[in-house]
Amino acid sequence: QVQLVESGGGLVQAGGSLRLSCAASGIIFNINSMAWYRQVPGNQRELVASITTTGRTNYVDSVKGRFTISRDNAKNTVYLQMNSLKPEDTAVYFCKVSAGPLGYWGQGTQVTVSS
């Protein structure tokens, strides 16, 4: 059974930093991309950043220059380093692992940025 376990969320003041981690356990074949999404109540889930097996990254414009996504392929783990956090970054953050036609989601971790 595939399981994604996220950690690293919490409460931080504006301008601060947090590092999210997402470790995938279980047998996952043909992982291609790993990504972080976020969701605010009442809004659709938004893609924040993604990274392919070869390390190619993609970011939503609002986090470019502040967030960095990385992955450890040997550990099936993806990270999101978040710097210069803003109150509008407050959301539940979810990791997603895409493997062929399948997608696996984590349970979400709350990030709250106070002004």
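The values are calculated or read from the model by the stated rules, or taken from the named source; none is laboratory data. No experiment lies behind these values; they were computed from the predicted model shown. Every residue, glycine as well, gets a Cβ built from its backbone with ideal geometry; the counts of neighbours run over all protein chains shown. Just the protein is used for accessible areas: all its heavy atoms, side chains included, with ligands, DNA and RNA removed. Shrake-Rupley method; radii C 1.70, N 1.55, O 1.52, S 1.80 Å.
For the reader, a short list of remarks on this structure follows.
- Label-point separation in nm, LYS75 to GLN3, each point 7 Å along Cα→Cβ: 1.8
- Using the Karplus relation 6.51 cos²θ - 1.76 cosθ + 1.60 with θ = phi - 60°, the per-residue 3J(HN,Hα) values for region 12-25 come to 9, 7, 3, x, x, 10, 9, 10, 8, 10, 9, 9, 9, 10 Hz, with x marking Gly and Pro.
- Proximal aspartates and glutamates to LYS86, defined as alpha-carbon separation beneath 15 angstrom and excluding residues fewer than eight positions away on the same chain: ASP61
- With all protein chains in place and ligands, DNA and RNA left out, the 1.4 Å accessible area ranks ARG56, ARG66, ARG45 as ARG56, ARG45, ARG66, largest first.
- Accessible area per residue, Å², the chain with all protein chains present, probe 1.4 Å: 54
- Kirkwood hydrodynamic radius over Cα pairs of region 11-72, then Stokes diffusion coefficient at 20 °C and 1.002 mPa s, in µm²/s: 159
- Within the accessible area of the chain (1.4 Å probe), percent carbon and sulfur: 49
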